[in-house]
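A short worksheet on the structure shown next.
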Amino acid sequence: MATLYTSTTSPYGRIVLLIAKLYGVDLKVELVSPLDLPEALTTINPFSQVPTLLLDNGDVITETALIIQAIAPQVYTDNSSYNLPRIAKALTILFQGVRVVSLTRFAHHEDRPHPFVQRSCELLGNALPNLPTLQADSQESGDKILLCALAWIGFRLPEVFDTLSDANKHAVATFANTDLMKQTSPEALELLA
């Protein structure tokens, strides 16, 4: 069984776990704090990034999109003309959001905000209102990944989340209360520790 190294708060790790649950993929989950440079993680991934997937044969895969490809390749082939654009949007939204949170969290207090903070917030503010209307009960993996990404934006960047359409805010709120999201929540992951 492959081992997934992640943290309870990683939005990328949550997406991988969501896909694993959705497709019935068994993973051993090792919770780590990548900022602490844990030896268990840095031994296999010197960049101390999560998620990191350690395969049974000892190979290591990093990057969310590649981990998904490794554990559930059908995510990229099932209804690909529908799902791939949504997955791309989700990962890009997360990239911009994580950049804002990281640059804000680790900024020196006497410094001005990093210019990428404003730029990323503006990009998200332009993109989110133009997303397709999502349905919380959609069976498409692309929608589930996008809804998961938007739930993280809602938690970490509520002012950006507010730029979503009311229909998509409702879809995210409904999706956030599904069993799938509850099973991959930080609270559920903490029970694994």
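The values are calculated or read from the model by the stated rules, or taken from the named source; none is laboratory data. Here the structure is a predicted model, which is why all the values come from computation and not from measurement. Don't worry about glycine lacking a Cβ; one is built from the backbone with ideal geometry, like all the others, and counts go over all protein chains shown.
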For this session: Scan the range 49-79 for residues that are touching a residue at least 12 places away in the same chain (Cβ under 8 Å) and among the aromatic types (Phe, Trp, Tyr) and report the count.
Result: 0
Exercise. Out of (1) surrounded by fewer than 23 Cβ atoms within 10 Å (Cβ to Cβ); (2) part of a helix (DSSP H, G or I), the odd one out for Trp152 is which?
Worked result: (1)
Exercise. Do we find a residue being in contact with a helix residue (DSSP H, G or I) (Cβ under 7 Å, 6 or more places away or on another chain), assigned to a loop (DSSP other than H, G, I, E, B) and among the hydroxyl-bearing types (Ser, Thr, Tyr) anywhere in the range 126-134?
Worked result: yes
Problem set entry | Answer from Pro34, Pro51 - the residue that is touching a Ser or Thr at 6+ places or on another chain (Cβ under 8 Å) and either modelled with pLDDT under 95 or small (Gly, Ala, Ser) (or both) | Pro34
